[in-house]
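A.B. asks: Structure incoming, see below.
The values are calculated or read from the model by the stated rules, or taken from the named source; none is laboratory data. Not measured: the values here are computed from a predicted model. Don't worry about glycine lacking a Cβ; one is built from the backbone with ideal geometry, like all the others, and counts go over all protein chains shown. Surface accessibility is based on the protein's heavy atoms, side chains included, excluding ligands, DNA and RNA. Shrake-Rupley method; radii C 1.70, N 1.55, O 1.52, S 1.80 Å.
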Amino acid sequence: MKIVNIEQMRQMENTSASMGISSDDLMRNAGLVLAEETADFIGDIGGMTVLILAGTGNNGGDGLIAAAHLSDWGAKVAVYTTTNVNNDSGNRLNRLRDRDIEIHHASDDKDFLKLEQLLKRNRIVIDALLGTGNNRPIEGIMAEITSRVAEEKRRRSYMKIVSVDMPSGVNADTGETDISSISSDVTITLGLPKIGLFKFPGAAFAGELRVSDIGIPSSVIPDTNIELLTPQSIKPTLPSR
């Protein structure tokens, strides 16, 4: 399995779009596989309390789509979002409201008391804040959120954190981390694994790594010489006993 950097991943997505697979198609697929992998990781999603931390861009969109699926499957879902509402995110949030999913905006939570309350009463936290979009120190609202997630994780080690694509604060190309980086129990990386998931210190923040297909054609995968060895790739090279 190929391991890619951010520029290669973006090129794959752009080429997929030129072949008729839009970014919306990829996001819908990503939201579904995120929900499926989270449910598989938990084991029994029915009645489970899940908090989704949704940032801006595609990572947050993946989280909002997963929220709808998890709610449909019986989870008790709440959303805490940093996004500025546009037509796309507004439509996704409206679909969540139709399901009576609790939605809170960071901009309305000046002292972050609501976030702290949500963290205390949810068993699963889905980190859909930054993903591969982080290449600078975490600051401001984002740093406040990630530091509170880390603090609650220290208090309740049984609270599980699921990160989308990359743990927030880990650089997807270099593996560099931030003082506010989220340490995850499982990272669901989309399309192909990113180099930063295998470089320390970032690798220590990823937890269990799951790679999920989101519908990018194999023909657009770059011919990189960086690969992840898997049982499937090694098996043909082993001689028979």
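A.B. asks: Here are Ile141, Ile126: which of them is of a type in the set (A, V, I, L, M, F, W, C), modelled with pLDDT of 90 or more and open to solvent by 40 Å² or more (accessible area, probe 1.4 Å)?
C.D. replies: One residue alone meets the criteria, Ile141.
A.B. asks: Let me ask something additional. In the range 10-40, what residues are free of Cβ contacts under 8 Å to residues at least 60 places away in the same chain, under 16 Å from Gly61 (Cα atoms) and either surrounded by 19 or more Cβ atoms within 10 Å (Cβ to Cβ) or among the aromatic types (Phe, Trp, Tyr) (or both)?
C.D. replies: Met27, Gly31, Ala35
A.B. asks: Given Asp173, Asp178, which one is under 27 Å from Arg28 (Cα atoms), charged (D, E, K, R), open to solvent by 20 Å² or more (accessible area, probe 1.4 Å) and at pLDDT below 95?
C.D. replies: Just one listed residue meets the conditions, Asp173.
A.B. asks: Find all pairs meeting these conditions: Cβ atoms under 6 angstrom apart; at least six residues apart or on different chains; first residue within the range 228-241 and open to solvent by less than 100 Å² (accessible area, probe 1.4 Å); second residue modelled with pLDDT under 85 and not small (Gly, Ala, Ser).
C.D. replies: From residues that are open to solvent by less than 100 Å² (accessible area, probe 1.4 Å), the pairs are Leu228/Met1; Thr230/Met1.
A.B. asks: Might you check whether a residue that is among the polar types (S, T, N, Q) and open to solvent by 40 Å² or more (accessible area, probe 1.4 Å) occurs anywhere in the range 185-201? Can you show your working first?
C.D. replies: So in the range 185-201, the residues among the polar types (S, T, N, Q) come out as 187, 189.
If we keep only those that are open to solvent by 40 Å² or more (accessible area, probe 1.4 Å) too, we end up with none.
No: zero hits.
A.B. asks: Any residue in the range 94-103 that is at pLDDT 95 or above, among the polar types (S, T, N, Q) and open to solvent by 10 Å² or more (accessible area, probe 1.4 Å)?
C.D. replies: No, there is no match, as no residue in the range 94-103 is at pLDDT 95 or above, among the polar types (S, T, N, Q) and open to solvent by 10 Å² or more (accessible area, probe 1.4 Å).
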